[in-house]
Each structure stands twice: as C-alpha cells, then as structure tokens.
Number of protein chains: 2
Amino acid sequence: MRGWHSLNVAERRMHGPSVAVSTVAFSLAPPHRPADTPQGLWVPLVQRTRPPYKGAWALPGGPTQWDKTLTQTARETLVAATQAEPNYLEQLYAFGSVERSAQAERTVTIAYWAQYRESDFESAARIDDPHVAWFPTSRLPELAFDHAEIIHTGIQRLQRRASQTFVAHRFLERHFTLAQLREVHEVIVDKRVDPANFRRQALSSGEIVETGVTQAGAKHRPAKFYRFADNNARQD
Amino acid sequence: MRGWHSLNVAERRMHGPSVAVSTVAFSLAPPHRPADTPQGLWVPLVQRTRPPYKGAWALPGGPTQWDKTLTQTARETLVAATQAEPNYLEQLYAFGSVERSAQAERTVTIAYWAQYRESDFESAARIDDPHVAWFPTSRLPELAFDHAEIIHTGIQRLQRRASQTFVAHRFLERHFTLAQLREVHEVIVDKRVDPANFRRQALSSGEIVETGVTQAGAKHRPAKFYRFADNNARQD
C-alpha cells in the first residue's frame, strides 16, 4: 500500500490490512519433464527478490487490482509464473494472519488452489526465469510468509476431495484407464489402494463412463478407456 | 479506511481494497420466540444508520481489526449483534466484488456462516436495539452491499452439507428423536423427506448413536432419543 512506510505505529494500526491473492497449483510432474520422472505432487514457486523474505520461495500471486476479480488475479498471476493455464481453479481459504509487530503490514491472503494435467503444458513456453521453479511437495524449500500453511491446506483439500469424489481426472488426459486413475489417486492420497475395491467404487460412482475405446497393443483383456461424466465442479 | 475520501480517482485506484468480515448466521426461529412460531431459516441483520446503503439491512460484521484474527472478528461482531454465542462458525467464502465506480471504495468481504440452536439463546439478553432484528430467509428486507449474494451462498452451503452429512443436529439440542432430526432436515433442504428412507439413512450413517433414553409419556413404541457421535467439523 502506497505510503504505508511513512506512517507511524498508531496510524498503521488504523490502516486496514492489504489484500493479496496466492495460488497453490498442483501437477503430477513439472512441465516438460523427462519421461522417467517419478510422479508426485509438484507445485510452482517464485523466488522473492525483495524483502521481506528476500531469497525465500513464495506461491504465485500478488496484490488485488482495482478492476480485477479475485479469481482473475489468481489466474493471471499463476499463468504469468507457469506460462500455462490450469484446467481447474477454485478458492481455497482466506488467511488473515495477525501480525503482532507494528513494523509489519498485516496482509489478508485469499488463497486459491489449481490443478494441471500434462497436456496443459504442451503449448506453454519453457520457463527461463531462474526465480520460477517447480518443487515436489515432499521437498519444499524455505517458504515466505504463511505459504507453507497454505500449501498444507491445499494438500488437505485435495486429499479430502479425492476421498469424497474423484479429482484425479483433472491430472489425467481426457481418456484414461482405471489403472491410470487408480495410480493418480494413490499419488494424491499418498497410499496404496486395493485395485479391486478401487475398480468397484469407481465404476459404481456414476462419475466415469466408458468411451468404447480399448487400449491398443494389449494381448489379453485390453484395458478400456474411460472419461469423466460432465459434472459441475463441487464448490463445497 | 481513514482519509480515503480525500483521495482523487487515480489515488483511489492505487489504494488496496478494504477488508471486512460478514457472517450469515442461521437459526430455526428467532430468539425468545412464541412457542407457535413456525420453523424456517432465520438470519440476524443490522440496519445501517449511515451511508452507503443507509436504512438498508446488512449482515453482522465489520472491518478487520489490527490484533484480531478473521474468525475472532466474525465471532465478536456476530455476538455483539445477537447477544448469543453460535455453536458453529466456519469461513464461507471471500467475496471481492469489483466496484467499477471510482466513487466506491472496493471492499473484500470474508464471509462466515454460523448456526444457532434454541438453547444458545437461553442466557442471551433480549435485543432492545431497534436496528437489530431476525428475518426469515423467505422474507428478507432490502439488503446492503452484496449481502443478498452472501446469504444465498450460505443457504447453498447449508443445503449441500445437509445432503452430504448431517448439520441438522447443530440446530437441535443434545438429545433428539429421529422425527425431530428429519423435521429440521426438511427445513434446511426445503422439501418433504420420506420418513422411512430418512430413518434408514440416518441410522446407517454412523453419525448418530442411541442415548438409551426414550421419550416419556408415549403409549405405543416410545421414540428413542439419539445424539450425534463426536466428529470433527468437516472443513471441506
């Protein structure tokens, strides 16, 4: 907020917090990965070049802008960092940490979460900015602000959704086998899933439908390809 | 935000939005109601005594404060209006409507939703402020800002939760019959529910347990009292 640093302590306390948008975006692998990269949950981060937290990594985002909705700001700052449009974007939570130091301006962060599948990166430019990189959530660098908490909340949301319904397809291409769907589900919930149980639940969910196409090249019982039934994103 | 009205248009656009918290709180009836008041969804509102929207009704809430979390602000402003502590409070959504008029300061509203049961009002003072009143959601007065949208979103959240799980018990006392539970569920989802189906679903949900107590005074098949199993609030 302009002029904020010229205010004294009492004036700073009268001032409202600033509002920023941050997005935790998940993919199963970084863009343009070598084919043998093991799958996991990866997130794009931006390295800060200015204080506070200079040198630490932060989620893509930025301050709200006068003429843009919160969702527009989330999408545009994410695309600016990753060079790719996500196939899913939803508000996650508003974080309003109380900064008890009068030296720090209080910030309310409206966090979003997003999902990418591999083909979302196909038309994307390679990122040549050394201050932008993808990290696996299992090996995150030092994070600025409360962004570690935001990523943690994003993973929880993803896992909870995965147990209520299927979000796995947003990591997959349009057509997929049940084995592919299960493997992605296992990455999200971070544990092995019984194939027969998973198959039964998936088929009875009403969420996936057969495409009529089977996997080419298989000799015995070629796997069927499925796609997701058209459902509106659940906003709860 | 102090001094905001002294800024010119260009300066206003540079300024960040202000941040407010608003809470849509539901009960099945207003506090201290006559016993024959029909049940419905009721919400407390506060009449504005200053521009903008002078005379219109608004959700309880207020600007964020320097040393309070968003949730504290939501709870305190709600209790100040209703004189009663809700038994449930959760963040609903961050609304960041874009005000395209340079005359209006842009506000980001972090909305919460809350639930009251009748006994939450027992120790509450009667509200003698003429600018605070409870309204049925079916007959709302003219609302300030985007508060009609917030109430609509709150009702949707409540209905969606009611279809995923049971939120009805937060409107009921600790012990209740299945008929009471169903009647509250019908108020929330705003339609009749088949008693036998509801009974079967409720009993198989694992969410309610028998108390071992039955309704006094009944001659034939006295109704059993149930209570909710201890579950953490689902945050998704």
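Working carefully through the options B:G62, B:G3, find the one that is among the small types (G, A, S) and modelled with pLDDT under 90.
B:G3
Considering the range A:29-80 alone, what residues qualify as being assigned to a loop (DSSP other than H, G, I, E, B) and in contact with a Gly (Cβ under 7 Å, 6 or more places away or on another chain)?
Looking only at the range A:29-80, we keep the residues that are assigned to a loop (DSSP other than H, G, I, E, B), and these are A:29-41, A:48-56, A:59-60, A:64-69.
Residues satisfying the conditions are A:R48, A:T64, A:T69.
Assess whether A:S204 counts as being within 22 Å of A:A114 (Cα to Cα), open to solvent by 50 Å² or more (accessible area, probe 1.4 Å) and among the polar types (S, T, N, Q).
Against the criterion (within 22 Å of A:A114 (Cα to Cα), open to solvent by 50 Å² or more (accessible area, probe 1.4 Å) and among the polar types (S, T, N, Q)), A:S204 does not qualify.
Name the pairs: first residue in the range A:54-71 and at the interface with chain B (Cβ under 7 Å from one of its Cβ atoms), second residue part of a strand (DSSP E or B) and small (G, A, S), Cβ to Cβ under 6 Å, at least 6 apart or on different chains?
Between residues of the range A:54-71 that are at the interface with chain B (Cβ under 7 Å from one of its Cβ atoms) and residues that are part of a strand (DSSP E or B) and small (G, A, S), the close pairs are A:P63/A:A20.
Among the residues of the range B:131-157, how many are open to solvent by 40 Å² or more (accessible area, probe 1.4 Å) and among the small types (G, A, S)?
Of the residues in that region, 2 qualify.
Kindly indicate the residue of the range B:114-126 that is part of a loop (DSSP other than H, G, I, E, B) and out of contact with any His (no Cβ under 8 Å at 6 or more places or on another chain) and also surrounded by the most Cβ atoms within 10 Å (Cβ to Cβ) among those meeting that condition.
Only one residue fits best here, namely B:Y116.
The values are calculated or read from the model by the stated rules, or taken from the named source; none is laboratory data. Just so you know, these numbers come straight off a predicted model, no measurement behind them. In this analysis, Cβ positions are derived from the backbone assuming ideal geometry, glycine residues included, and neighbour counts consider all displayed protein chains. Ligands, DNA and RNA are excluded from the accessible area calculation, which covers all protein heavy atoms including side chains. Shrake-Rupley method; radii C 1.70, N 1.55, O 1.52, S 1.80 Å.
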